[in-house]
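First the structure, in the form of structure tokens, and then the observations on it.
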Amino acid sequence: MLQAELALVCNFMDHEGRILASGDPARIGRIHPVAARIMRGEMDECSVSREEAASSGVVREGVLTAIDLDGQRLTCFTIAGPLPVVRPLAHVVRFCVTSLLQIVGGEASSLHAPLAPVANFNELLQHASTAVRFSVARLHQTLEHITEGVTLFDEQLRLVVWNRRFLEVMDWLQEPEPRGQTLEAMITRYLVLQGMQDVPQLAEHVHERMQRLRAGRSNDFQFRTLQGKCIAIADRALPGGGVVSTYTDVTERQQLLDALRNARDDAELLVQERTRTLDTLVQLSTDWFWEQDAEHRFTRTFGNVLDKLHVPPEYFVGKRRWDSPMLGVSDAQRAEHIALHERREPFRQFEYGLAMRNGEVRYLSVSGAPRFDVHGVFLGYHGTGNDITERMHNQRLLQEHSHALQQANAEMERQVAERTAQLRQQLSFMHQLLDAIPTPIFYKDTAERYLGGNRAFEQVLGKPVQDFVGKTLRQVRPDFLIRHTEEAGRQLLREIGQTSFEEPVEYGDGSVHEMQLHKASFIDLSGRIGGVVGVMFDITARKRMEEDLRQAAAFFDNSIEGIMVTGLDGRVLNVNPMFTRITGYTRAQAIGQHVRIFKSGRHADSYFKAVREAVAREGNWQGEVWNKRKNGEIYPQWLSVSEVRDAQGAVVHHVASFSDMSQQKDAEERLEQLAYTDLLTRLPNRRRLLDRLGHALALGERNPQHGALLIIDIDEFKSLNDTRGHEAGDRLLQQAAHRLTSLISEGDTLARLGGDEFAVLMEGLGTDASVAVAQVQTQAERLLQALDAPYALSTGEHHHSASIGIAVFDQGHCDRAQLLQQAEMAMYRAKASGRNTLSFFDPEMQAALGRRIALEQALRSALQARQFELHYQPQVNDAGAVIGAEALVRWRTSDGTMVPPGEFIGLAERTGLILPLGRWVLDTACHQLVAWALDPARAHLSIAVNVSARQFHHPDFVEQVLQALSDSGAPAQRLKLELTESLLIEDIESVITKMQTLKEHGVGFSLDDFGTGYSSLSYLKRLPLDQLKIDQSFVRDVLLDANDAAIARTVVALADSLGLQVIAEGVETAEQRDFLRASGCHAYQGYFFSRPVSIDAFEAWMTARSTR
């Protein structure tokens, strides 16, 4: 019906967009792409404009709409035709088809499946068409849902169908029902209603519309009322007559378009104004502007570039910049420029040359940037250009001028450099020449400032040349000024001349040289005095030579040796006064004589021949010669003979110097006696004894017999020296020597070894050992008896005994050192046995000596291997609280064996090893104090460290203690040093000074073993002590021995009176502790509390004691 009555083509499509039914049978089977999208649910409706249909071979102008039933998309329906006509009809048809499907009812369920074949679908459509004809009311309802006004006029152009929207749009709601009215009558009435019946040309437009409709032609136009309402009207003539029209209120859209049009007009006016301004600026600017398309081809240029470059307007258009040769641009630069365009990046001041058609080359500088539209699509490039030909020309001229200047400057610099090099070479040569001259040379300006000097002069001033150039002598060496220096220099600066003088000069290294100075004025280029040059000649050697000659002459005349100068023929040329005194020959008597007159006859001719050969070979000879004086006396002389050579090295003279050795020979005999004799006792000394002992042992190898060596030591001799003085000691030694001399048998040797020791060497005691021992013992007892008698000294009689050690030997079977050692060991054993006795050496002594030596070596190794450790014995008060500990050194060998302290402490004292050992004990105790200081339970503990006499008297003892405290950080008030009374015997003032120094730093002192040694209240009051210690020898028998008990009480009372603390050592029982407590002693130490134990055991003992 639509196709027959309205000439509109309708189509129905399946789910793939394929046309199943169509008013144009030729289209059945084709796939409509827009319908396919609607069936996929991408859209519900689509309008295709006339322009879109014209550009496609598939779709036509019209409307496509979806038909859904119960939420399921059934088909897509299209009406091809003018949009204003088909858009409302599409809505009508969709409504009718949907209503039809709902009327069919039971048949609708079958439509839920894919569409049936075309025949069934056509039947459905015919059924629908029949139903529609009987549902005009439903059609009117459908028209009411359309947003546009719709009218249908018959072939007589009388209104047949309309909807309410038409009445609203055309303001016809108040008018009678328009059915049957002609289109022209309705238009006339409408114009009256709108008050527009008199609007010019409006009747003409109405007439034109009617003529077109009667001719079957369509109309599309807009009509605007006086009130500003705008209505879009579309007329579509129907075949056979009749018109379908749509009326749309586009007032708002038209107002928006008017606003946009006005804005566009304003913008165009602004653009035109800006364009004119830009054109003016372009014409006034020296730059020009250009545009390129997306292919980088020039599309247009702005500005006067054509006039500047003398090219027609089309010269650049259609070309790319790099299509023409770019002069002055390398291949790499050209490639980078093209790549920059391909990357669509901006560029600035790209310069290149362009060859014009007339052969001229113009240089351009261009800058550009890419262009994009609002959607970001690349449109090409635009930018500016500038003709830089004149600048390039000027730049080239500048470069040429600059190049010429550079060449000229280079030539000038070359000449200057060449001349400078020559001058530098000459100056260097002059400097080298000056430096090569060993004589100091300097030169100054008129202000007396140094201009330079050579290396020899640097040594004079003691400064390098750069340190004195530009300075005066007063500034460099104010102490250097000599008497003539300043005045002589100033005179030469006033008047041209020269001067010379001699003066001693002190060099920079402090040495003094005799110098001869020559100064002279020098002239500058202007002819004026330019300064002073000075040359210094070192005449020290000449002065010394002159002095040497004077001294040689004086020496020659005053020498204590005789000097004789002889020619090569052996005749005397000159002699000195001492020659005359020694030989008896006067100078006149000796000159001209041959040296044979001095021969004594004691030497063979071969002897003198050997002397002459030695002088010729070595240049000199010296030795002892016996010669004869003028009076015939033969005497020894020490003779030295030397050659004297000339400048060419030839021997011209011989000089003989000699001294009379007569007195020397006598002195040698006396010296030999002194060397082997003790001056005090006139007895042979140790050296003589060893000599005779060696002689006796040598004889024993040929005639073996026994002998004996006795070492005699005066008992308590040191005490005599200390109390009575050395004079008394010397007298005792002289008397002892006299007594021993009277008892020595002929053939035996008595000697004084030194100090209070004598020795007797007995030889030839026979081959029977027992007989020899008996003889020696008898002699030794006689010697003891003689030495035990009273000695008469200036202060009265004095009794002294002696101890004798005896080593019996089998002559030829031992050496001197071993024999002396054995005798000394026996003597020490005699002293240890009670003195005033004798003792024979036995092998056990040697074994003990070996053990002592081995122990000493082990002790040294133990110090290096750190085999020592400290044990601590607690010190407690009468409340049982631990107040400190005594640190006792223990030696644990590598195999774990403990060496008793009694075996190594004394040895360490004798060998000096007590010093490093004591230092280690002190350091270790200080570090232990630091560890305790960090523990609140033990921070109050003090440590007592024993100090030996040798250690205390060491010069650095105080520094060692303070260093140990400083290095460890130990609190000094917790360190207590225990001193023995024997330490106080020697240099008591030094002892007090050291104690006071340490006391000032907080170190405490305890006097150990008090009462067992040199106890004296006189020094006790002066010593800065803190504590007295009662020796364990008194504590041990304090309950058994009344004397020991009295001593203990006395020590406590003495300590109280002196304000000192007191502690008792060796407390082993509770009874001893109670007695001491009752006596006023409140601090104890001993096995009753604990043995000395390791630090771990000590701290464990303290912990256990604190938990009781």
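For segment 371-387, enumerate the residues that are of a type in the set (Val, Ile, Thr) and modelled with pLDDT under 85. Show your work before the answer.
Residues of segment 371-387 of a type in the set (Val, Ile, Thr): 374, 377, 384.
Hit for segment 371-387 is Val374, nothing else.
When you look at Gln197, is it over 12 Å from Leu157 (Cα atoms), in contact with a helix residue (DSSP H, G or I) (Cβ under 8 Å, 6 or more places away or on another chain) and without any contact (Cβ under 8 Å) to a residue 12 or more places away in the chain, yes or no?
Numbers: over 12 Å from Leu157 (Cα atoms): yes; in contact with a helix residue (DSSP H, G or I) (Cβ under 8 Å, 6 or more places away or on another chain): yes; without any contact (Cβ under 8 Å) to a residue 12 or more places away in the chain: yes.
For Gln197, the condition - over 12 Å from Leu157 (Cα atoms), in contact with a helix residue (DSSP H, G or I) (Cβ under 8 Å, 6 or more places away or on another chain) and without any contact (Cβ under 8 Å) to a residue 12 or more places away in the chain - is met.
Note down all Cβ pairs under 7 Å where the first residue falls in segment 982-1001 and is under 26 Å from Lys718 (Cα atoms), the second is assigned to a loop (DSSP other than H, G, I, E, B), and they're at least six residues apart or on different chains.
These pairs meet every condition: Ser982/Gly1013; Ser982/Tyr1014; Leu984/Tyr1014; Ile985/Tyr1014; Glu986/His953; Ile992/Arg1022; Ile992/Leu1023.
Could you please tell me which pairs satisfy a Cβ distance under 7 Å, a separation of 6+ or placement on different chains, a first residue in segment 715-731 that is without any contact (Cβ under 8 Å) to a residue 12 or more places away in the chain, and a second residue that is surrounded by 12 or more Cβ atoms within 10 Å (Cβ to Cβ)?
From residues that are without any contact (Cβ under 8 Å) to a residue 12 or more places away in the chain, the pairs are Asn721/Gly729.
So that you can scan it fast, the table gives a plain yes or no per residue for (1) more than 30 Å from Lys599 (Cα to Cα); (2) modelled with pLDDT under 85; (3) touching an Asp or Glu at 6+ places or on another chain (Cβ under 7 Å):
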{"site": "Phe658", "(1), (2), (3)": "no, no, yes"}
{"site": "Asn685", "(1), (2), (3)": "yes, no, yes"}
{"site": "Arg692", "(1), (2), (3)": "yes, no, no"}
{"site": "Ala696", "(1), (2), (3)": "yes, yes, yes"}
{"site": "Arg702", "(1), (2), (3)": "yes, yes, no"}
{"site": "Ile714", "(1), (2), (3)": "yes, no, yes"}
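Applying the selection to segment 796-805, what residues are of a type outside the set (A, V, I, L, M) and surrounded by 12 or more Cβ atoms within 10 Å (Cβ to Cβ)?
Taking segment 796-805 as the starting set, the residues that turn out to be of a type outside the set (A, V, I, L, M) are 796-801, 803, 805.
If the condition is that a residue be of a type outside the set (A, V, I, L, M) and surrounded by 12 or more Cβ atoms within 10 Å (Cβ to Cβ), then His798, His800, Ser801, Ser803, Gly805 are the ones that fit.
Hey, does segment 512-526 have a residue that's under 21 Å from Ala456 (Cα atoms), touching a residue at least 12 places away in the same chain (Cβ under 8 Å), assigned to a strand (DSSP E or B) and in contact with a Lys or Arg (Cβ under 8 Å, 6 or more places away or on another chain)?
yes
Conditions tested, residue by residue: (1) under 25 Å from Ala937 (Cβ atoms); (2) at pLDDT below 95; (3) not polar (S, T, N, Q).
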position	(1), (2), (3)
Ala1046	no, yes, yes
Val1052	no, yes, yes
Ala1055	no, yes, yes
Leu1058	no, yes, yes
Ser1079	no, yes, no
Tyr1084	yes, no, yes
Met1102	yes, yes, yes
Arg1108	yes, yes, yes
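Every residue in segment 198-241 that is of a type in the set (D, E, K, R), assigned to a strand (DSSP E or B) and over 17 Å from Glu184 (Cβ atoms), please. Please lay out each step first, then the result.
In the first step, residues of segment 198-241 are kept if they are of a type in the set (D, E, K, R); the result is 198, 204, 208-209, 212, 214, 217, 220, 224, 229, 235-236.
Now restrict to residues that are assigned to a strand (DSSP E or B): 220, 224, 235-236.
Within segment 198-241, Asp220, Arg224, Arg236 meet the criteria.
Would you check which residues across segment 946-972 are within 21 Å of Gly906 (Cα to Cα) and of a type in the set (Ser, Thr, Tyr) and list them?
Selection gives Ser948 alone.
Condition first: within 30 Å of Tyr507 (Cβ to Cβ) and either assigned to a loop (DSSP other than H, G, I, E, B) or not β-branched (Val, Ile, Thr) (or both). Can you find one or more residues in segment 554-561 that meet it? Break it down stepwise before answering.
Of segment 554-561, the ones within 30 Å of Tyr507 (Cβ to Cβ) are 554-555.
Add one more test, that the residue is either assigned to a loop (DSSP other than H, G, I, E, B) or not β-branched (Val, Ile, Thr) (or both), and what stays is 554-555.
The answer is yes; a qualifying residue exists.
Restricting to segment 550-594, name every residue that is among the small types (Gly, Ala, Ser) and in contact (Cβ under 8 Å) with a residue 60 or more places away in the chain. Break it down into steps so the answer makes sense when it comes.
Looking only at segment 550-594, we keep the residues that are among the small types (Gly, Ala, Ser), and these are 552-554, 559, 562, 567, 570, 584, 588, 590, 592.
Within segment 550-594, Ser559, Gly562, Gly567 qualify.
Confirm whether Gln735 is farther than 18 Å from Ala802 by Cα and either assigned to a helix (DSSP H, G or I) or assigned by TED's automatic domain parsing to the domain that holds Ala817 (or both).
no
Step by step: first the residues of segment 602-617, then only those that are exposed (fewer than 11 other Cβ atoms within 10 Å of the Cβ) and in a helix (DSSP H, G or I), then the one that is farthest from the chain's Cα centre (by Cα). Which residue is that? First the steps, then the outcome.
Of segment 602-617, the ones exposed (fewer than 11 other Cβ atoms within 10 Å of the Cβ) are 604-606, 609, 617.
Still in the list and also in a helix (DSSP H, G or I): 605-606, 609, 617.
Values: Asp605: 82, Ser606: 79, Lys609: 77, Arg617: 66 Å.
Of everything passing the filter in segment 602-617, Asp605 is farthest from the chain's Cα centre (by Cα).
Among (1) surrounded by fewer than 16 Cβ atoms within 10 Å (Cβ to Cβ); (2) touching a strand residue (DSSP E or B) at 6+ places or on another chain (Cβ under 6 Å), where does Ala792 come up short?
Unmet condition: (2).
Checking the condition within 41 Å of the chain's Cα centre (by Cα), more than 20 Å from Ile1063 (Cα to Cα), in contact (Cβ under 8 Å) with a residue 40 or more places away in the chain and surrounded by fewer than 14 Cβ atoms within 10 Å (Cβ to Cβ), which residue from Asp967, Asp935, Asp956 passes?
Values: Asp935 fails: in contact (Cβ under 8 Å) with a residue 40 or more places away in the chain; Asp956 fails: in contact (Cβ under 8 Å) with a residue 40 or more places away in the chain.
Exactly one residue qualifies, and that residue is Asp967.
Name the single residue that is nearest to Ile496 (Cα to Cα) among those in segment 429-464 being loosely packed, with under 12 Cβ neighbours inside 10 Å and small (Gly, Ala, Ser).
Per the criteria, the residue is Ala447.
Can you tell me which residue is surrounded by the most Cβ atoms within 10 Å (Cβ to Cβ) among those in segment 618-637 that are charged (D, E, K, R) and free of Cβ contacts under 8 Å to residues at least 24 places away in the same chain?
Applying the first criterion (charged (D, E, K, R)) to segment 618-637 yields 618, 624, 628-630, 633.
Retained after the next criterion (residues that are free of Cβ contacts under 8 Å to residues at least 24 places away in the same chain): 618, 633.
Working: Glu618: 10, Glu633: 12.
Applying the filter and picking the extreme gives Glu633.
Hey, among Asp538, Asp569, Asp548, which residue is out of contact with any Asp or Glu (no Cβ under 9 Å at 6 or more places or on another chain) and surrounded by 12 or more Cβ atoms within 10 Å (Cβ to Cβ)?
Working: Asp538 fails: out of contact with any Asp or Glu (no Cβ under 9 Å at 6 or more places or on another chain); Asp569 fails: surrounded by 12 or more Cβ atoms within 10 Å (Cβ to Cβ).
Unique residue meeting the criteria: Asp548.
For segment 785-814, give me each residue that is outside any loop (DSSP other than H, G, I, E, B) and without any contact (Cβ under 8 Å) to a residue 12 or more places away in the chain. Reasoning before the result, please.
Restricting attention to segment 785-814, the residues satisfying the condition of being outside any loop (DSSP other than H, G, I, E, B) are 785-787, 791-793, 796-798, 802-810.
Passing the criteria: Gln785, Gly796, Glu797.
Name the single residue, out of those in segment 634-670 being under 22 Å from Val611 (Cβ atoms) and of a type in the set (Asp, Glu), that is farthest from the chain's Cα centre (by Cα).
Within segment 634-670, the match that is farthest from the chain's Cα centre (by Cα) is Asp660.
The values are calculated or read from the model by the stated rules, or taken from the named source; none is laboratory data. Every value quoted in this text rests on a predicted model; they were computed, and no experiment measured them. Don't worry about glycine lacking a Cβ; one is built from the backbone with ideal geometry, like all the others, and counts go over all protein chains shown.
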